[in-house]
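Quick notes on the structure that follows.
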Amino acid sequence: MAKLIEEIEAQIAGAKTTAKQNVGVIREVGDGVAKIDGLSDAMLNEMIDLGHGVTGLALNLDATEVGVVVLGDYTQLKQGDEVRTTGKVLQVPVGKGLLGRVVNVLGEPVDGKGPIKYDKTYPVEKTAPGIIRRRSVDQPVQTGIMAIDAMIPIGRGQRELIIGDRATGKTTICIDTIISQARLNKAAETAGDKGYRQLYCIYVAIGQKESTIARFIAALEAAGAMPYTIIVAATASESAANQYLVPFAGAAMGEWFMDNGMDALIVYDDLSKQAVAYRQVSLLLKRPSGREAFPGDVFYLHSRLLERAARVGEKYGNGSLTAMPIIETQAGDVSAYIPTNVISITDGQIFLETDLFYQGQRPAINVGISVSRVGSAAQLKAMKQVAGHLKGELAQFRELAAFAQFGSDLDAKTQAQIDRGKRIMEIFKQGQYNPIPVEVQVLVIWTAQNGYLDQVPVARVKEFQNKLTEYFTTRKGELLARIGKEKAISDVLKADLKAAADEFKQTWK
Amino acid sequence: MKITKQAKREAKQLYRLCVVKGLLDENRVRQVVPRVVATGGRDCPSILAHFLRLVKLDCAEHTATIESATPLPADLQTVVQTELTHRYGPGLTTVFAQRPELIGGMRIQVGCDVYDGSVRAGLEALAKSF
């Protein structure tokens, strides 16, 4: 009986409503922004209860008014409505329960698969891990894209920018990477490999068409990648505030994996649209505008977001959050305001070119100006052995090929370099949603570097590559497994590879 | 009406001139308005509009509205008034109002601060918790 009385007393205490509340009145509302008189206790980024089940986010705190962006249907709100502070900053649910789901900026499901199970929430705005907590990048992210894994390797915890004009395959690279992670995760699960650190993926769609997102979901589902992926979407039909906040919501979900000793990859598709949404919100809030009408803190917008990607030390869980932001350029202009900002923040960039795309070089990566500043430390030793000089060789090839355009006679050595370059460019062509395992990548590059492709006509290089892959996968599987296991090409392995490649060469017609 | 930054600045200056020892001086406010009207400047309406807003906000900040379902007894009114003056300082105007929909209890609003101890608020909180 005493316990029952205690319980009732506790409930009554919880139901007390005399606590002080801070209220305000809507002075004006429109375009997803509300100006509120009062709310003297409002905090920056605090959630404001606007009534009618609509929430707002306090972004401007002035002496006499508070500027709030509305995260919902602002048409229900009207002048004179009473609003109140909640004492909470914007938070989203986090955890493994979100895997395989499509959610909105508030972490609410939009895929019709029912409610999401979660027991923890994270604030969307969170300070990035500090210097002490971080450690350098030393584990690879296998994207499954040969040109990237060989020449622009990405490490876990890195921030690698994907930049290019519209329709050059920026998103495809990211989707391929997600599919590749799912395959690796699944393979490790099947093999019972407990040493493999699974990499979970978060795809943040900012201001994209709903049909495009539906297509990506279908591609990920077809590849069996959805169980390892979270999709956070603020589509083109949603308010600018949602589009500005959605990358932060995605980052919070990714941080949970990092904080719990797991690895995650987050794709922001794309930050140009986020910057435009932020400009819209800032202009509506009457914040002073700067270059290209962007507010003065647009650099900070991206830097604070991307700084949240990190590899933390073993003492702090050994987790990581890898970021792949996407930036869309206009007519290849990488010197515009937002592209230069993001280039300077990230640890490297993969530059995609329209010309290469239409020449049939897909993925259309311009190897010359694409870099990875920290990823080489994480690259597989076997890949480093075969692809170490590839970037330089291709640079030489481009130079020589440009020179050869004048039709002058070339010496045998130069001609051989050009021929080798053409074949290497050919092997880097890859179909979409078809990531290649790293062992196969090492094998193909090894054969190219060891002259096995030199006698193959350029037009048939791809055919040779496919047959070679098929031959090794079906007949010499143990050699591929050894590459993956040993992670380096020893002299013994080299001899075995040579014997197998010679055997294949004899059958090739 | 579009109120320019200059007009806002000038209105704020006028408002500050009307504040004496942290409280708005009604006489000064009464003097300011005809003076501004007399100048007949182009910004005059917008300055006065913003000035009015600042005065309204000040009034709201120094007004305590005490609502209850039934009229409060005089002794309770005195207690509430004393407590509020103690908490918010002198110069606080108290307004007592009747609101039957509160069912019971009291709701006090001083500027942006609301102390809602009404039965209605309790029921709403209970409904939200389910």
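So that you can scan it fast, the table gives a plain yes or no per residue for (1) buried (at least 23 other Cβ atoms within 10 Å of the Cβ); (2) without any contact (Cβ under 8 Å) to a residue 12 or more places away in the chain; (3) small (Gly, Ala, Ser):
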{"site": "A:38", "(1), (2), (3)": "yes, no, yes"}
{"site": "A:43", "(1), (2), (3)": "no, no, no"}
{"site": "A:47", "(1), (2), (3)": "no, no, no"}
{"site": "A:51", "(1), (2), (3)": "no, no, yes"}
{"site": "A:70", "(1), (2), (3)": "yes, no, no"}
{"site": "A:73", "(1), (2), (3)": "no, no, no"}
{"site": "A:79", "(1), (2), (3)": "no, no, no"}
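Taking region B:84-118 as the range and being within 13 Å of residue B:68 (Cβ to Cβ), β-branched (Val, Ile, Thr) and either within 12 Å of chain A (Cβ to nearest Cβ) or in a helix (DSSP H, G or I) (or both) as the test, only B:108 passes. Would you confirm whether or not region A:248-266 contains a residue that is under 21 Å from residue A:166 (Cβ atoms) and open to solvent by less than 10 Å² (accessible area, probe 1.4 Å)? Scanning region A:248-266, I find no residue that is under 21 Å from residue A:166 (Cβ atoms) and open to solvent by less than 10 Å² (accessible area, probe 1.4 Å), so the answer is no. Within region B:119-130, the residues that satisfy the criterion of being open to solvent by 40 Å² or more (accessible area, probe 1.4 Å) and either part of a helix (DSSP H, G or I) or at pLDDT 90 or above (or both) are B:119, B:120, B:123, B:124, B:125, B:126, B:127, B:128, B:129. Among residues that are open to solvent by less than 60 Å² (accessible area, probe 1.4 Å) and among the charged types (D, E, K, R), residue A:176 is included. Among residues of region A:294-319 being surrounded by fewer than 15 Cβ atoms within 10 Å (Cβ to Cβ) and part of a helix (DSSP H, G or I), the one that is modelled with the highest pLDDT is A:300. When restricted to residues that are open to solvent by 80 Å² or more (accessible area, probe 1.4 Å) and closer than 22 Å to residue A:387 by Cα, region A:479-509 contains 7.
Kindly evaluate residue A:97 against the criterion of being surrounded by fewer than 18 Cβ atoms within 10 Å (Cβ to Cβ) and assigned to a loop (DSSP other than H, G, I, E, B). No. Residue A:195 meets the conditions (1) over 20 Å from residue A:145 (Cα atoms); (2) open to solvent by less than 10 Å² (accessible area, probe 1.4 Å) in every case but one. The failed one is (2).
The rows are residues; the columns are (1) under 17 Å from the mean Cα position of the chain (by Cα); (2) farther than 22 Å from residue B:4 by Cβ; (3) within 13 Å of chain A (Cβ to nearest Cβ); (4) outside any loop (DSSP other than H, G, I, E, B).
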| position | (1), (2), (3), (4) |
| --- | --- |
| B:35 | no, no, no, yes |
| B:48 | no, no, no, yes |
| B:54 | yes, no, yes, yes |
| B:70 | no, yes, no, no |
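Between A:473, A:447, the distinction of being among the polar types (S, T, N, Q), within 33 Å of the chain's Cα centre (by Cα) and within 26 Å of residue A:195 (Cβ to Cβ) belongs to A:473 only.
Restricting region A:37-78 to residues that are within 11 Å of another protein chain (Cβ to nearest Cβ) and in a strand (DSSP E or B) leaves a set whose member that is farthest from residue B:54 (Cα to Cα) is A:49.
Within the set B:85, B:78, the sole residue that is more than 24 Å from residue A:40 (Cβ to Cβ) and modelled with pLDDT of 90 or more turns out to be B:78. One residue stands out in region A:387-405 among those that are in contact (Cβ under 8 Å) with a residue 12 or more places away in the chain and either surrounded by fewer than 12 Cβ atoms within 10 Å (Cβ to Cβ) or within 15 Å of residue A:445 (Cα to Cα) (or both): the one that is farthest from the chain's Cα centre (by Cα), namely A:393.
Each residue in region A:140-168 was checked for being open to solvent by 20 Å² or more (accessible area, probe 1.4 Å) and touching a Phe, Trp or Tyr at 6+ places or on another chain (Cβ under 9 Å), and 2 of them qualify. The condition (being polar (S, T, N, Q) and either more than 17 Å from the chain's Cα centre (by Cα) or open to solvent by 60 Å² or more (accessible area, probe 1.4 Å) (or both)) is satisfied by just one residue among A:322, A:354, A:346: A:354. Taking the criterion of being away from chain A (no Cβ under 12 Å), at positive phi and in contact with a strand residue (DSSP E or B) (Cβ under 9 Å, 6 or more places away or on another chain), would at least one residue in region B:73-83 satisfy it? No, because not a single residue in region B:73-83 is away from chain A (no Cβ under 12 Å), at positive phi and in contact with a strand residue (DSSP E or B) (Cβ under 9 Å, 6 or more places away or on another chain). In region A:16-36, of all residues being surrounded by fewer than 19 Cβ atoms within 10 Å (Cβ to Cβ) and among the charged types (D, E, K, R), the one that is farthest from the other protein chains (Cβ to nearest Cβ) corresponds to A:31.
You will find that of B:26, B:10, B:61, the residue that is open to solvent by 50 Å² or more (accessible area, probe 1.4 Å) and under 26 Å from residue A:20 (Cβ atoms) is B:61 and no other.
How many residues are within 26 Å of the chain's Cα centre (by Cα) and open to solvent by 70 Å² or more (accessible area, probe 1.4 Å) if we restrict to region A:267-291? Step through it out loud before you land on a result.
The initial filter retains those residues of region A:267-291 that are within 26 Å of the chain's Cα centre (by Cα), namely A:267-282.
Next cut, open to solvent by 70 Å² or more (accessible area, probe 1.4 Å) only: A:273, A:280.
Final tally of qualifying residues: 2.
The values are calculated or read from the model by the stated rules, or taken from the named source; none is laboratory data. In this text, all values refer to a predicted model and were calculated from it rather than measured experimentally. Positions of Cβ are backbone-derived with ideal geometry, glycine not excepted, and every protein chain shown enters the neighbour counts. With ligands, DNA and RNA removed, areas are computed over all heavy atoms of the protein, side chains included. Shrake-Rupley method; radii C 1.70, N 1.55, O 1.52, S 1.80 Å.
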